[in-house]
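Input: a single structure, listed below in structure tokens.
The values are calculated or read from the model by the stated rules, or taken from the named source; none is laboratory data. Quick caveat, the model's predicted, so the values are computed rather than measured. Neighbour counts are summed over all protein chains in view; Cβ atoms, including those assigned to glycine, are modelled from backbone coordinates with ideal geometry.
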Amino acid sequence: MKFGLVLPNYGPQASRFAIIDSAIAAENNGFDSVWLTDHLALPEADADVFGHIYESLTTMSYLAASTRTIKLGLS
């Protein structure tokens, strides 16, 4: 069985520190992958729910440079 973790790349909990710290912790604790949420467009009514969304491909580049073995994915 493989385990993955969805990283906090949107909403009030999203920050570059939360994203990278979570990815490194997942890698150090044996997770196989980390995942980012990707939304190209959101209804205006959902803006308060999602708030700021870190762009996924750029964030994955940052994660790839900061981790060694964990796999990266988009959902």
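So Thr58 ticks every box in (1) touching a Phe, Trp or Tyr at 6+ places or on another chain (Cβ under 7 Å); (2) among the hydroxyl-bearing types (Ser, Thr, Tyr); (3) surrounded by fewer than 12 Cβ atoms within 10 Å (Cβ to Cβ) but one. Which box is left unticked?
Here Thr58 meets the rest and fails (1).
Can you pull out every residue in the stretch 33-58 that is touching a residue at least 24 places away in the same chain (Cβ under 8 Å), touching a helix residue (DSSP H, G or I) at 6+ places or on another chain (Cβ under 9 Å) and not small (Gly, Ala, Ser)? So that I can check it myself, show each step before the final result.
Here is the first cut: in the stretch 33-58, the ones touching a residue at least 24 places away in the same chain (Cβ under 8 Å) are 33-39, 49-54, 56.
Cutting the leftovers down to touching a helix residue (DSSP H, G or I) at 6+ places or on another chain (Cβ under 9 Å) gives us 33-34, 36-39, 54.
Listed by number, the residues that qualify are Val34, Leu36, Thr37, Asp38, His39, Tyr54.
Please specify each residue of the stretch 20-55 satisfying the condition of being surrounded by 12 or more Cβ atoms within 10 Å (Cβ to Cβ) and of a type in the set (D, E, K, R). Before the answer, list the steps.
In the first step, residues of the stretch 20-55 are kept if they are surrounded by 12 or more Cβ atoms within 10 Å (Cβ to Cβ); the result is 20-27, 31-38, 42, 50-51, 53-54.
Within the stretch 20-55, Asp21, Glu27, Asp32, Asp38 qualify.
Scan the stretch 2-37 residue by residue and report those that are more than 13 Å from the chain's Cα centre (by Cα) and more than 16 Å from Ile70 (Cβ to Cβ).
Pro12
Quick one: in the stretch 62-75, of everything that is out of contact with any helix residue (DSSP H, G or I) (no Cβ under 9 Å at 6 or more places or on another chain) and surrounded by 11 or more Cβ atoms within 10 Å (Cβ to Cβ), which residue is nearest to Ala18 (Cα to Cα)?
Looking at the filtered set, the residue picked out is Ala64.
How many of the residues making up the stretch 38-61 are β-branched (Val, Ile, Thr), within 14 Å of the chain's Cα centre (by Cα) and either more than 13 Å from Ile19 (Cβ to Cβ) or modelled with pLDDT of 90 or more (or both)?
Keep residues of the stretch 38-61 that are β-branched (Val, Ile, Thr), which gives 49, 53, 58-59.
Checking the rest, the ones that are also within 14 Å of the chain's Cα centre (by Cα) come to 53, 58-59.
So of that shortlist, the ones also either more than 13 Å from Ile19 (Cβ to Cβ) or modelled with pLDDT of 90 or more (or both) come out as 58-59.
Adding up the residues that qualify gives 2.
Looking only at residues in the stretch 59-75 that are in contact with a strand residue (DSSP E or B) (Cβ under 9 Å, 6 or more places away or on another chain), in contact (Cβ under 8 Å) with a residue 24 or more places away in the chain and of a type in the set (Gly, Ala, Ser), which one is nearest to Met1 (Cα to Cα)? Break it down into steps so the answer makes sense when it comes.
Quick first cut of the stretch 59-75, residues in contact with a strand residue (DSSP E or B) (Cβ under 9 Å, 6 or more places away or on another chain) only: 59-60, 63-64, 67, 70-75.
Add one more test, that the residue is in contact (Cβ under 8 Å) with a residue 24 or more places away in the chain, and what stays is 59-60, 63, 67, 70-75.
Now restrict to residues that are of a type in the set (Gly, Ala, Ser): 73, 75.
Working: Gly73: 17, Ser75: 19 Å.
Ranking the qualifying residues of the stretch 59-75, first place goes to Gly73.
Take the residues of the stretch 1-15 that are at pLDDT 95 or above and part of a loop (DSSP other than H, G, I, E, B): which is nearest to Ser56 (Cα to Cα)?
The first filter runs over the stretch 1-15 and keeps only residues at pLDDT 95 or above, leaving 1-7.
So of that shortlist, the ones also part of a loop (DSSP other than H, G, I, E, B) come out as 1-3, 7.
Details: Met1: 26, Lys2: 22, Phe3: 20, Leu7: 11 Å.
Once the filter is applied, the top-ranked residue is Leu7.
Could you list, in sequence order, the residues of the stretch 16-75 that are in a strand (DSSP E or B) and out of contact with any Ser or Thr (no Cβ under 9 Å at 6 or more places or on another chain)? Even if it seems obvious, please write down each step before you answer.
Restricting attention to the stretch 16-75, the residues satisfying the condition of being in a strand (DSSP E or B) are 33-36, 53, 71-74.
The answer is Ser33, and nothing else.
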